[in-house]
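Heads up, the thing below is written out as C-alpha cells.
The values are calculated or read from the model by the stated rules, or taken from the named source; none is laboratory data. Bear in mind the structure is a predicted one, so any value in this text is a computation, not a measurement. Every residue, glycine among them, receives a Cβ derived from its backbone with ideal geometry; neighbour counts consider all protein chains shown. Accessible surface is based on the protein model in full, side chains and every heavy atom, while ligands, DNA and RNA are left aside. Shrake-Rupley method; radii C 1.70, N 1.55, O 1.52, S 1.80 Å.
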Amino acid sequence: MFQLRANDEIEVRMFEESDAETVFALVDRNRDYLREWLIWVDRSDTPEVTRQFIRDSKRRYENKEALSAGIWLNGELIGATGVVEYQWHNRMLEIGYWLSADQQGKGIMTKVVSALIDDAFANLGMNRIEIHCATGNKRSRAIPERLGFKQDGVMREAGLLNGQFVDKVIYSMLASEWKAQTS
C-alpha cells in the first residue's frame, strides 16, 4: 500500500474501504466548492459509490495504472491526491489533487505535491511529471507554478465541466530540472 510523509503533520496514503464514509463526508461538505472544477463530484453521491471508487482505485494501483490517496493532516482527512495515469513506457506520470475549502492557502498542497515529485523521480525512475489544470482554476495552477514547473501549452476546450467546455493548461517538470532546483 502506498504511504508517504510530506512532513511531520501531513501523510499521504492510499484509501482503504474503511475510509469510504470519511471520504464521502469530506466530499459532501465541500460539494459546492469542488463542483466548480471537478467533473466527478456529482457522481460521488453516496458512501457506496465512494466505496466502489476505493475498490477500483486499489485495483488500478495494483495494476500500476494510477494512484488515489488521501491527504491526512494530523490524522484528519483534508483532501486527496494521486497519479491520474502512469505512463511507464515513457517514464512519465500526471499528478492530480484537491483540498477541502477550509484548508486552502496554507501551503499544504505544495508540500504534498513536492513529496510526490521527490518520490516519483527518486523511487519510480520517472523522467517527466505533468499537472493539468483548467485555465481558470487559479488555485490549482498556483501549485505547479510555485514548484517551478514549465507551462507546455494550453489544450483548447479539453474538458467538459458543468456543461461548458474549458481550456486546460499543461505544466511539466523533468527529473533533471527538479534535481537542479532542489540541489
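Structure summary
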{"quantity": "Segment residue 39-residue 64, extension gain: residue separation times 0.36 nm, minus the distance between their alpha carbons", "calculated": "6.7 nm"}
{"quantity": "The chain, accessible surface, carbon-and-sulfur percent (1.4 angstrom probe)", "calculated": "47"}
{"quantity": "Prolate/oblate/rounded call for the chain, Cα gyration tensor, a/c under 1.5 rounded", "calculated": "rounded"}
{"quantity": "Contour excess over end-to-end distance, with Cα ends at residue 106 and residue 162 and 0.36 nm allotted per residue", "calculated": "17.4 nm"}
{"quantity": "Antiparallel DSSP beta bridges within the stretch 44-132, as percent of all bridges there, nearest 5", "calculated": "85"}
{"quantity": "Extension gain (nm, one decimal) between residue 46 and residue 181, 0.36 nm per residue minus Cα-Cα", "calculated": "44.3 nm"}
{"quantity": "Sum of -39500 (n - 2.57) over DSSP H runs of 4+, divided by residues of the chain (222 nm, nearest 500)", "calculated": "-10500 deg cm²/dmol"}
{"quantity": "Sequence-distant residues sharing a close amide H with residue 161 (under 5 Å, placed H)", "calculated": "166"}
{"quantity": "Coil-residue GluC sites (Glu not before Pro) of the stretch 70-177, DSSP, other Cβ within 10 Å capped at 12", "calculated": "none"}
{"quantity": "Lysine pairs within the chain, Cα separation less than 19 Å, 8 or more sequence positions apart or different chains", "calculated": "8"}
{"quantity": "Estimated vicinal HN-Hα couplings, Hz - the stretch 147-161 in sequence order (Karplus 6.51, -1.76, 1.60; Gly, Pro = x)", "calculated": "8, x, 5, 9, 8, 7, x, 10, 8, 6, 6, 8, x, 9, 10"}
{"quantity": "Nearest-20 debye value, the stretch 91-177 charge dipole, Cβ charges on Lys, Arg, Asp, Glu", "calculated": "180"}
{"quantity": "Global geometry of the stretch 50-124, whether rounded, prolate or oblate, following the gyration tensor of its Cα atoms and the 1.5 cut on a/c", "calculated": "oblate"}
{"quantity": "Charge dipole (the chain, unit charges on Cβ, about Cα centre) - positive-most of 125, 140, 175", "calculated": "175"}
{"quantity": "Average accessible surface area per residue within the stretch 36-108, 1.4 Å rolling probe, Å²", "calculated": "54"}
